[in-house]
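Working notes for the structure below.
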Amino acid sequence: QDPAQDGSREVNVRRIGDIQLTAVLYHTAPGSHKDAAAMAALSEVLASTPNGRLHQSLIEKKLAVNVNPWNFDLAERGYVVFMAELNKTQSLQEARKVLLAELEGLQQKPVTEAELKRAKASLLSEIDKTINDPQRLAVQLSESIANGDWRLFFLHRDRIEALTLADLQAAATNYFKESNRTLGHFIPTTTPDRAKFPEPVDVDKLVANYKGKAAATEGEVFDISLANIEKRTQRLALASGMKLILTPKKTRGETVSGLLTLRFGDQTSLFNQASTASVAANLLSRGAGNLQRAQISAKLDELKTQLEVSGSGQTVTVRFDSLRKNLPEVLNLIRDILRKPQFSQKEFDLLIEESVARLESQRSEPNAMGSQAMALALDTYPKGDVRAARTLDESIAALKALKLDQVKQFHSGFYGVSNSEFALVGDFDSAASQAQIGQLFNDWKSPKPYARLKADPKNPKASVIQLEAPDKSNAFFVAGLPVPLQDTNPEFVPLQLANRVLGGGVKSRLFDRLRQKDGLSYGAGSQLSASAFEASGMWALYAIYAPQNLDKLKAAVNEELAKFVKDGITAEELADAKRGWQEERKISRAQDRALAAGHVAQTAANRTLAFVEKVDAQIDTVTLAEVNAAIRKFFNPAQFLNVYAGDFVAKNKK
């Protein structure tokens, strides 16, 4: 075991960048110790968004733009980190002062009963979601095994349920102290104030007689064949114009997933509204009905519900995962979020500040620089069109110029469900849900006509763009080739299989060459997109690498692309690609969240699962000759736009 820290430490790192950070770390107990539960609750009390003390004292008072906690539960002693992100104009010293005052001032300002209750609700909600999700549960059990025993996961839950204010205060007093703090340099002291750490835990003895709680509801063994899913699915058109897709089934833990998408406006009405549309969508869940932002967050924890609202251009999407018994309340909350947003000046100002800071942080990041350069180079839309690419300066200026009244007018002038899709998949009462959704939304018609914005076809732009990102250890490569491809084209399936071989699958040529063989890249691959509505596809390649390997990366990529066109793929590669893609498609049908998203996408394109069945059949029957012919027809390495972003000047000096 490392000895206890004998005094505060501080380190300052100075590199080129666009944001400021201040962070503090404290050593803590092993994950198997009872203090780990207290530390998890303290992290929630201090750093959750928007209820945490640090959010209220730093973000809401505009001393920082973001606060994040990292709580590490390890087999031996762990640690907890609290980090605040600042824009260029905010004071690092003031933020650090407030950060330390909140953490090390808990003795003067103890945790309240309300804070403990809220922290427990949030932590236990996440645990329940994990128990109801086999994949997440498997990962968490493996983490507990690494700490000593799989049963620690359930013991940790029990300890959270039993937490008292005294437990949190004792942990805060012992660990959140100057001598156990790391900010930077060491400061000697004649009277060390060492934290007292517990002896190693005998986990076998600890869990020897442990008995878990009652098992979660198992649910049914659901047949994921397309025929069975279609048989289970109801497709309805409500009086409001909303299209409702319902797939009820018994699930483990009585879970249900939903996806609601609103579509509105046209090219003319949405002109110069890109920032307004995005900000309006992002403000929806920051206060709605009679609930403030913090109350919405607490309500979702109470309902054991994960809910996300997003939007841009002419769409707004609400995704959620909840429980059968809580679905009616969740639907009511969604109604309030969409129809009765508060649009407070305070939350508007915070969102603008956060958004501007996020954009500023991208100025010197190679990934963001490369992606933006490619988007701008291939853009075909006039300035002001919501589909048009924008520079960082243009985006920042638009945000700073935006007024809250414009956001309110956008909401009242565009939002409605006349052109919307709502999919529910999982454990729910179909008749009751249908009736409630109709009651909540049938009278909410869209104020303006809707016309889907088409994706204009882009022409290939064979060129090379090289951007300097000073003082960055990683460089980014991205290349784009527009292709006249729609997902109804006969070549769509052959090209998707070809892409999996090139760089879109778990095992691919680009990854094997750049990572495994040449050791040049930390990550590499390719993506092929195609619209369901028009022939406006895009083939993209990417790689993350060290700047000094630029020339080697170019040579390796060029060699692999030339071979891809000249020789095509092999029968073995095609068979592997078919198996992998079909397996992924089956897995997505077994996941309620993915199935709901699929329902919405198919309904928006005026399709059913019959289209999915057709694609499945083509995957099975496509031939090697068809795949290689499609590659030669659509894939031309000489027509790619290649963008390289990194610290190449420093590389050349070495």
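The values are calculated or read from the model by the stated rules, or taken from the named source; none is laboratory data. Predicted model, so just to flag it, every value in this text is computed and none were measured. We place every Cβ from the backbone using ideal geometry, glycine too, and count neighbours over all the protein chains shown. Keep in mind that these areas ignore ligands, DNA and RNA; they rest on the heavy atoms of the full protein, side chains included. Shrake-Rupley method; radii C 1.70, N 1.55, O 1.52, S 1.80 Å.
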Please list, ordered by first then second residue, the pairs with beta carbon atoms under 8 Å, 6 or more apart or interchain, first in region 18-46 and under 19 Å from L183 (Cα atoms) and without any contact (Cβ under 8 Å) to a residue 12 or more places away in the chain, second among the basic types (K, R) and part of a strand (DSSP E or B).
none
Out of all the residues in region 60-76, is one or more open to solvent by 30 Å² or more (accessible area, probe 1.4 Å), small (G, A, S) and over 30 Å from I352 (Cα atoms)?
yes
Open to solvent by less than 60 Å² (accessible area, probe 1.4 Å) and modelled with pLDDT of 95 or more: does that describe E115?
yes
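For A166, indicate whether it is hydrophobic (A, V, I, L, M, F, W, C), part of a helix (DSSP H, G or I) and exposed (fewer than 14 other Cβ atoms within 10 Å of the Cβ). Before the answer, list the steps.
Working: hydrophobic (A, V, I, L, M, F, W, C): yes; part of a helix (DSSP H, G or I): yes; exposed (fewer than 14 other Cβ atoms within 10 Å of the Cβ): yes.
So A166 fits the description; yes.
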Filtering region 191-215 for residues that are free of Cβ contacts under 8 Å to residues at least 60 places away in the same chain, open to solvent by less than 60 Å² (accessible area, probe 1.4 Å) and not hydroxyl-bearing (S, T, Y) leaves a count of 1
Name every residue in region 383-411 that is touching a residue at least 60 places away in the same chain (Cβ under 8 Å) and acidic (D, E), in order of residue number.
D385
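Quick check on P470: is it modelled with pLDDT under 95, more than 30 Å from F222 (Cβ to Cβ), in contact with a Leu (Cβ under 9 Å, 6 or more places away or on another chain) and open to solvent by 10 Å² or more (accessible area, probe 1.4 Å)? Before the answer, list the steps.
Numbers: modelled with pLDDT under 95: yes; more than 30 Å from F222 (Cβ to Cβ): yes; in contact with a Leu (Cβ under 9 Å, 6 or more places away or on another chain): no; open to solvent by 10 Å² or more (accessible area, probe 1.4 Å): yes.
Against the criterion (modelled with pLDDT under 95, more than 30 Å from F222 (Cβ to Cβ), in contact with a Leu (Cβ under 9 Å, 6 or more places away or on another chain) and open to solvent by 10 Å² or more (accessible area, probe 1.4 Å)), P470 does not qualify.
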Please state which of the following conditions S508 fails to meet, knowing it meets all the rest: (1) without any contact (Cβ under 8 Å) to a residue 40 or more places away in the chain; (2) touching a Pro at 6+ places or on another chain (Cβ under 8 Å).
(2)
If we ask which residues in region 533-548 are surrounded by fewer than 20 Cβ atoms within 10 Å (Cβ to Cβ) and touching a helix residue (DSSP H, G or I) at 6+ places or on another chain (Cβ under 7 Å), their number turns out to be 1
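One line per residue, one yes/no per condition, for (1) within 20 Å of G253 (Cβ to Cβ); (2) touching a residue at least 40 places away in the same chain (Cβ under 8 Å); (3) in a helix (DSSP H, G or I):
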position	(1), (2), (3)
F82	no, yes, no
K97	no, no, yes
Q107	no, yes, no
P110	no, yes, no
E115	no, yes, yes
D128	yes, yes, yes
Q140	yes, no, yes
Taking interchain pairs and intrachain pairs at least six residues apart, which have beta carbon atoms under 9 angstrom, with the first residue in region 261-281 and on the phi > 0 side of the Ramachandran plot and surrounded by 20 or more Cβ atoms within 10 Å (Cβ to Cβ) and the second part of a helix (DSSP H, G or I) and modelled with pLDDT of 95 or more?
G265/A277; G265/G413; G265/F414
Of all residues in region 216-249 being surrounded by 14 or more Cβ atoms within 10 Å (Cβ to Cβ) and among the hydroxyl-bearing types (S, T, Y), the one that is modelled with the lowest pLDDT
T217
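For Q135, state whether it is part of a helix (DSSP H, G or I), open to solvent by 40 Å² or more (accessible area, probe 1.4 Å), in contact with a Phe, Trp or Tyr (Cβ under 8 Å, 6 or more places away or on another chain) and not acidic (D, E). Show your work before the answer.
Numbers: part of a helix (DSSP H, G or I): yes; open to solvent by 40 Å² or more (accessible area, probe 1.4 Å): yes; in contact with a Phe, Trp or Tyr (Cβ under 8 Å, 6 or more places away or on another chain): no; not acidic (D, E): yes.
No, not satisfied.
Can you name the residue in region 138-159 that is hydrophobic (A, V, I, L, M, F, W, C) and surrounded by fewer than 18 Cβ atoms within 10 Å (Cβ to Cβ) and, of all such residues, is nearest to L58 (Cα to Cα)?
Filtering region 138-159 down to residues hydrophobic (A, V, I, L, M, F, W, C) leaves 138-139, 141, 145-146, 150, 152-155.
Narrowing the set further to residues that are surrounded by fewer than 18 Cβ atoms within 10 Å (Cβ to Cβ) leaves 138-139, 141, 145-146, 150.
Details: A138: 36, V139: 33, L141: 35, I145: 37, A146: 35, W150: 38 Å.
Per the criteria, the residue is V139.
Go through region 322-378 and tell me which helices (runs of 4 or more DSSP H), entirely inside it, have 1 or more residues that are at pLDDT 95 or above, open to solvent by less than 20 Å² (accessible area, probe 1.4 Å) and within 30 Å of L440 (Cα to Cα).
Values: elements: 327-339, 345-360, 366-378.
The helices (runs of 4 or more DSSP H) meeting that bar are 327-339, 345-360.
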Unmet requirement for T603, which otherwise passes all of (1) in contact with a strand residue (DSSP E or B) (Cβ under 8 Å, 6 or more places away or on another chain); (2) closer than 30 Å to E468 by Cα; (3) at pLDDT 95 or above:
(2)
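Which members of region 567-605 meet the condition of being under 19 Å from the mean Cα position of the chain (by Cα) and in a loop (DSSP other than H, G, I, E, B)? Give the derivation first.
Pass one, region 567-605, residues under 19 Å from the mean Cα position of the chain (by Cα): 588, 591-598.
If the condition is that a residue be under 19 Å from the mean Cα position of the chain (by Cα) and in a loop (DSSP other than H, G, I, E, B), then Q591 is the only one that fits.
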Kindly establish whether D551 is closer than 20 Å to A475 by Cα, at pLDDT 95 or above and either of a type in the set (F, W, Y) or open to solvent by 40 Å² or more (accessible area, probe 1.4 Å) (or both).
yes
Is one or more of the residues making up region 488-509 within 26 Å of the chain's Cα centre (by Cα), open to solvent by less than 40 Å² (accessible area, probe 1.4 Å) and among the aromatic types (F, W, Y)?
no
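Could you please give the count of residues in region 94-109 that are within 22 Å of K61 (Cα to Cα) and loosely packed, with under 15 Cβ neighbours inside 10 Å? Show your work before the answer.
Pass one, region 94-109, residues within 22 Å of K61 (Cα to Cα): 94-106, 108-109.
After this cut, where a residue has to be loosely packed, with under 15 Cβ neighbours inside 10 Å as well, the list is 97, 101, 105, 108-109.
Count: 5.
Quick check on G17: is it in contact with a Phe, Trp or Tyr (Cβ under 7 Å, 6 or more places away or on another chain), at pLDDT below 90 and in a loop (DSSP other than H, G, I, E, B)? Full working, then the answer.
Details: in contact with a Phe, Trp or Tyr (Cβ under 7 Å, 6 or more places away or on another chain): no; at pLDDT below 90: yes; in a loop (DSSP other than H, G, I, E, B): yes.
Against the criterion (in contact with a Phe, Trp or Tyr (Cβ under 7 Å, 6 or more places away or on another chain), at pLDDT below 90 and in a loop (DSSP other than H, G, I, E, B)), G17 does not qualify.
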Output yes when any residue across region 252-259 is open to solvent by less than 30 Å² (accessible area, probe 1.4 Å) and modelled with pLDDT under 95, and no when none is.
yes
Can you tell me which condition E308 does not meet? The list is (1) touching a Lys or Arg at 6+ places or on another chain (Cβ under 6 Å); (2) buried (at least 21 other Cβ atoms within 10 Å of the Cβ), and all the others hold.
(2)
